[in-house]
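Below is one structure, written out as structure tokens, with a few remarks after it.
The values are calculated or read from the model by the stated rules, or taken from the named source; none is laboratory data. Keep in mind the model is a prediction, meaning the values are calculated, not measured. Here the Cβ positions follow ideal geometry from the backbone for every residue, glycine too, while neighbour counts run over all protein chains shown.
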Amino acid sequence: MSIRHDHSRKRIYDLSQIVFVFEIFIQFFIGFYDKQGIYQDSFSKVVKNYLQGMFLFDVCTSTPISWLEVPSHALCAPENARR
């Protein structure tokens with residue numbers, strides 16, 4: 001596999017991760033139907049509904065693992081170890 005091919009795959013992967021994170025942001029601006037079937041598009045109601053609903057699931061399933069690996073590697077580095 002060439003270096004150029006690896007670089008292209010990484011760019012596609014990075015782009016897909018950005019799309020998933022952007023999707024979380026967009027959800028704060030998309031209205032919903034309440035239990036009475038009334039469409040709600042008030043920003044405060046949308047935010048409250050999303051945070052109480054699918055937000056945690058979206059964050060857990062859309063956060064790139066690489067974003068969690070980098071800080072954990074930094075914390076586990078030998079220079080950060082207690083003696």
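Looking only at region 35-50, residues that are in contact (Cβ under 8 Å) with a residue 12 or more places away in the chain and in contact with a strand residue (DSSP E or B) (Cβ under 6 Å, 6 or more places away or on another chain) come to 1 in all. Here the condition is being surrounded by 10 or more Cβ atoms within 10 Å (Cβ to Cβ) and either among the hydroxyl-bearing types (Ser, Thr, Tyr) or assigned to a helix (DSSP H, G or I) (or both); of Ser44, Ser66, it holds for Ser66 alone.
Hey, any hits in region 16-35 for a residue that's modelled with pLDDT of 85 or more, in contact with an Asp or Glu (Cβ under 6 Å, 6 or more places away or on another chain), closer than 30 Å to Ser66 by Cα and surrounded by 12 or more Cβ atoms within 10 Å (Cβ to Cβ)?
The initial filter retains those residues of region 16-35 that are modelled with pLDDT of 85 or more, namely 18-35.
Next, from what is left, pick out any that are in contact with an Asp or Glu (Cβ under 6 Å, 6 or more places away or on another chain): 24, 31.
With the extra rule that they be closer than 30 Å to Ser66 by Cα, the set shrinks to 24.
Filter again for surrounded by 12 or more Cβ atoms within 10 Å (Cβ to Cβ), leaving 24.
Looking for residues that are modelled with pLDDT of 85 or more, in contact with an Asp or Glu (Cβ under 6 Å, 6 or more places away or on another chain), closer than 30 Å to Ser66 by Cα and surrounded by 12 or more Cβ atoms within 10 Å (Cβ to Cβ), one finds at least one in region 16-35, hence yes.
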